[in-house]
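Have a look at the structure below, then the notes.
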Amino acid sequence: MSAVGKTPGTAQDLVRVVLLAPGVWEPLTEGRKLYVTDLAAQLRASGLQVEVLKGDREAGGMRAILQCLRQLRQRCASPQRPDGVIVFPYGTFTGARRWANELLLRAAAAIGRLHGVPTVPLFYSCAGLSLDHIDRHFAPCLAVGAAQGRITAVELAISRRIQPWRVLQDTPRRLLFLCGYQHPTEDALHGVLHERGLMDLLQAGDAIAGDGFELTVAIPFLRDAGMRARLQALVAQHCPRLTVHLMQSVDAGEVFSAFDAFVFPYHVNHAVFVPTSLLEAMTAGIPVVTADLPMYRALTRGPEGPRCGLYAPGDIRGLAACVADLRRDYAGAVARADRTAQRLRDPDRMARSAQTVLDQLSPGARAPSR
């Protein structure tokens, strides 16, 4: 391999990079897992040697974090030590998970300092932390779609192909709600209802039904009979007039083709989070209705104005009205979605994201070329 972008007095080119990402196991349906996998593929395609340390699936949680830290220590102490480490916190920063994530970040940084290996956190999301806290305690670092102080924004991108959406009928009827939660736990159900905003959608359901719509809810944990029964009970309680279909298995690359619009009623703003399902839908080109949250405005708004249907977070009537607007001007919504998709289908998007990561490890560095 020959180096590119290397001149006297600048940072050396990178050869070996470790992505420290506990829990990035199959199935790859969650945004953090998908981004780590896509980033690793892009860096390898650029000529880098990339290792993803994710821990033993059977260990789970804290034990997986400790395994990853032991493996990182071994890699950094070896003659073929990495030229840089990117650390992906595991889960949220609330409750016990906050202390586990802070241990991961601080221990990885200490290992990097001990062995002279640049180590940079990349926050895909950070529920429970503010940008001020991140900047004060963990910067310099990277964050998806957010910048402040010594926090550098990294562009969320998709390497895998998303099937372009095509309009199937002049009048929209079929709405899709989608998320990738796998495990049928009480916490997961609470997150879907009150963070992902499905409860808002159910509470708007009868109004939406009155405008001629039906809803499909697609979540992997619906393979569990108990979860299906609980959601069916909530539908009967909050929106008995709305026809709701429950799906447990979806292909994100193809799923949008069967629907007329994607509804993403996210309820809670985080300092850092650009949901992958929202990016996938807008890349596919399907009309989107979503809460107007600051965390992903770089995606939903541009100099030309809103790129999708937007309403105030938690505003049930606003949500119903925004969905109703699809029927009033579906052609306009389709045209706007198509313009947005053309921007997002930039083949260099993932390469730019990867280059931002490399620049944070070693400013001015480039991956070797083949």
For this session: Only residues in the stretch 60-83 that are part of a loop (DSSP other than H, G, I, E, B) count as the first member; pair them with residues that are charged (D, E, K, R), Cβ under 9 angstrom, at least 6 apart or cross-chain, and list the lot.
Result: 80/16; 81/16; 81/75; 82/16; 82/51; 82/75; 83/13; 83/16
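What are the residues in the stretch 291-307 that are farther than 23 Å from residue 159 by Cα, surrounded by fewer than 23 Cβ atoms within 10 Å (Cβ to Cβ) and hydrophobic (A, V, I, L, M, F, W, C), if any? First the steps, then the outcome.
First, the residues of the stretch 291-307 that are farther than 23 Å from residue 159 by Cα: 291-294, 303-306.
Narrowing the set further to residues that are surrounded by fewer than 23 Cβ atoms within 10 Å (Cβ to Cβ) leaves 292-294, 303-306.
293, the sole residue that qualifies.
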For this session: Could you look through the stretch 265-290, keep only residues that are farther than 26 Å from residue 152 by Cβ and under 16 Å from the mean Cα position of the chain (by Cα), and pick out the one that is surrounded by the most Cβ atoms within 10 Å (Cβ to Cβ)?
Result: 281
Problem set entry | Every residue from the stretch 210-231 that is in a helix (DSSP H, G or I) and under 24 Å from residue 256 (Cβ atoms) | 220, 221, 222, 223, 227, 228, 231
Exercise. Which residues, taken from the stretch 104-137, are touching a Leu at 6+ places or on another chain (Cβ under 7 Å) and small (Gly, Ala, Ser)?
Worked result: 107, 108
Problem set entry | residue 174 more than 29 Å from residue 156 (Cα to Cα) and open to solvent by 20 Å² or more (accessible area, probe 1.4 Å) | no
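Which of the residues spanning the stretch 195-209 are in contact with a helix residue (DSSP H, G or I) (Cβ under 9 Å, 6 or more places away or on another chain) and outside any loop (DSSP other than H, G, I, E, B)?
Hits for the stretch 195-209 are 198, 199, 200, 201, 202, 203, 205, 206, 207, 208.
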Exercise. With respect to residue 271, is the statement that it is in contact with a Cys (Cβ under 9 Å, 6 or more places away or on another chain) and farther than 18 Å from residue 165 by Cα true?
Worked result: yes
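Restricted to the stretch 226-242, and to residues that are of a type outside the set (A, V, I, L, M, F, W, C) and in contact with a Leu (Cβ under 9 Å, 6 or more places away or on another chain), which residue is nearest to residue 207 (Cα to Cα)?
238
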Exercise. Any residue at all in the stretch 86-109 that is outside any loop (DSSP other than H, G, I, E, B), within 18 Å of residue 14 (Cα to Cα) and modelled with pLDDT of 95 or more?
Worked result: yes
Exercise. Out of curiosity, is residue 355 open to solvent by 30 Å² or more (accessible area, probe 1.4 Å), within 17 Å of residue 167 (Cα to Cα), of a type outside the set (D, E, K, R) and under 22 Å from the mean Cα position of the chain (by Cα)?
Worked result: no
Exercise. Which residues, taken from the stretch 49-59, are at pLDDT below 95 and either buried (at least 17 other Cβ atoms within 10 Å of the Cβ) or part of a helix (DSSP H, G or I) (or both)?
Worked result: 54, 55
For this session: Just name the residue that is nearest to residue 15 (Cα to Cα) out of those in the stretch 112-127 that are without any contact (Cβ under 8 Å) to a residue 60 or more places away in the chain and part of a loop (DSSP other than H, G, I, E, B).
Result: 117
Problem set entry | Of all residues in the stretch 182-194 being in a loop (DSSP other than H, G, I, E, B) and surrounded by fewer than 18 Cβ atoms within 10 Å (Cβ to Cβ), the one that is modelled with the highest pLDDT | 185
For this session: With the checklist (1) assigned to a strand (DSSP E or B); (2) open to solvent by 20 Å² or more (accessible area, probe 1.4 Å) in hand, flag the one item residue 133 doesn't pass.
Result: (1)
Exercise. Condition test on residue 310, is it in a strand (DSSP E or B), more than 15 Å from residue 198 (Cα to Cα) and open to solvent by less than 70 Å² (accessible area, probe 1.4 Å)?
Worked result: yes
For this session: Consider only pairs whose beta carbons are under 6 Å apart and that are at least six residues apart or on different chains; among these, list those whose first residue lies in the stretch 88-111 and is aromatic (Phe, Trp, Tyr) and whose second residue is not in a helix (DSSP H, G or I).
Result: 88/21; 88/122; 90/22; 90/23; 93/126; 93/128; 93/129
Exercise. Do you know which residues across the stretch 326-352 are open to solvent by 70 Å² or more (accessible area, probe 1.4 Å), closer than 22 Å to residue 210 by Cα and part of a helix (DSSP H, G or I)?
Worked result: 327, 328, 331
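The values are calculated or read from the model by the stated rules, or taken from the named source; none is laboratory data. Worth saying up front: this structure is predicted, and the values here are computed from it rather than measured. Don't worry about glycine lacking a Cβ; one is built from the backbone with ideal geometry, like all the others, and counts go over all protein chains shown. Accessible surface areas use protein heavy atoms only, side chains included; no ligands, DNA or RNA. Shrake-Rupley method; radii C 1.70, N 1.55, O 1.52, S 1.80 Å.
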